[in-house]
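Written below as structure tokens is the structure these notes are about.
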Amino acid sequence: MKFVKMEGLGNDYLFLNCLEGEPPELPRLAKTLSDRHFGVGADGLICVKPGQAGDFTMEMYNADGSRGAMCGNGIRCLGKFVYDSGLTRKCCLTIQTDAGPRGLELSVRNGRVAEVTVDMGQAQIDEEVYCQTAAGAFWVTPVEVGNPHGVVFCPEWTEEETARVGPLLEHCPRLGRRRNIEFLTVEDREHLTVRVWERGSGVTLACGTGACASFAAARRRDLCGPKAQVHLPGGSLRVEERENRLFMTGPAHTVFRGETDFLWHSETEN
Ligand SMILES: N[C@@H](CCC[C@H](N)C(=O)O)C(=O)O
């Protein structure tokens, strides 16, 4: 089975061309291949399927095999995947996701996609929730950007703290459902720093939807202007609000193309 490994700010995904059919047991396949020791290694798996209501459909799985409705870094990579492999010549695409259609604008340099702007739609923000955990109590702002997030405003925050507190907040019953958790430090009105705990994948180097959720939470408190750079451990994204919609711009890269006999794993698993 052929795959392409891609990354957006170090948030890495394995891409499968499923335009003419797909392998069985995709959740299990995602879990097996995403394993960084026994698999290829990735934050998850993305299947590119034919478009029903758009040009293509994105089906996204986290590293634990759970499904993600939207993936900001993944959808930029998908734009590069379909353009660079000649599956489309269009620079404006509509991608169907579990969270609805998303518009992509591809910036092409020397015949290859270098950057992608995604119309992420409107963010829905709820009242802050007080979450008590074994690691202390936190105020969390629930934000939906096609998938569920919880944003915590905090001073400087480390990777170790993210790994310790993230899973506790992900499962906080007061947040209603499992959420991706962002720890947001507002540097100034144009610069936000974010660390992410992704449900289903753990600490990742970046999260596109998480960057947008953090931006939206900061906007709600009037802590940032209509345009900001969101800095994540894997790099920076530009997020902009126009007529109540969020637009995210950032890079996408191909890491390598590969082939795997994933059946070997299924046969030897117990
Ligand atoms: N890394 C992604 C988000 C992937 C899905 C998420 N873990 C979920 O389960 O909602 C991004 O860049 O947005």
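Since every read-out is calculated from the coordinates, none of them should be taken as a lab result. Remember, predicted model here, so these are calculated numbers, not experimental data. A quick note on method: Cβ atoms are made from the backbone with ideal geometry, for glycine too, and the neighbour counts reach across all protein chains shown.
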| request: Report, in degrees rounded to the nearest 10, the 0 to 90 angle that the Cα long axis of helix 159-170 makes with the longest principal axis of the chain. | output: 90
| task | Over the Cα atoms of the chain, compute the convex hull volume and normalise it per residue, giving Å³. | result | 127
| Debye, to nearest 20: dipole size of the chain, +1 on Lys, Arg Cβ, -1 on Asp, Glu Cβ | 480
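Based solely on its DSSP helices, what 222 nm [θ] is calculated for the chain when runs of n ≥ 4 H residues each add -39,500 (n - 2.57) and the sum is averaged over all residues, nearest 500 deg cm²/dmol?
It comes out at -6000 deg cm²/dmol, rounded to the nearest 500.
Restricting attention to the range 148-181, which GluC sites (Glu not before Pro) occupy a DSSP loop and are surrounded by at most 12 other Cβ atoms within 10 Å?
GLU156
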| query | With the Cα gyration tensor of the range 124-243 giving a ≥ b ≥ c as the square roots of its eigenvalues, does the rule (a/c under 1.5 for rounded; else a/b larger than b/c for prolate; else oblate) give rounded, prolate or oblate? | reply | prolate
| field | Neighbour-limited loop hits for trypsin sites (Lys or Arg not before Pro), the range 186-247 (at most 14 other Cβ within 10 Å; DSSP other than H, G, I, E, B) | value | ARG189, ARG221
| task | Would you mind checking the pairs LYS2/LYS90; LYS31/LYS227; LYS80/LYS227 and listing those with alpha carbons more than 30 angstrom apart? | result | LYS31/LYS227
| query | Cα axis of helix 72-84 to longest principal axis of the chain: angle in degrees, 0 to 90, nearest 10? | reply | 30
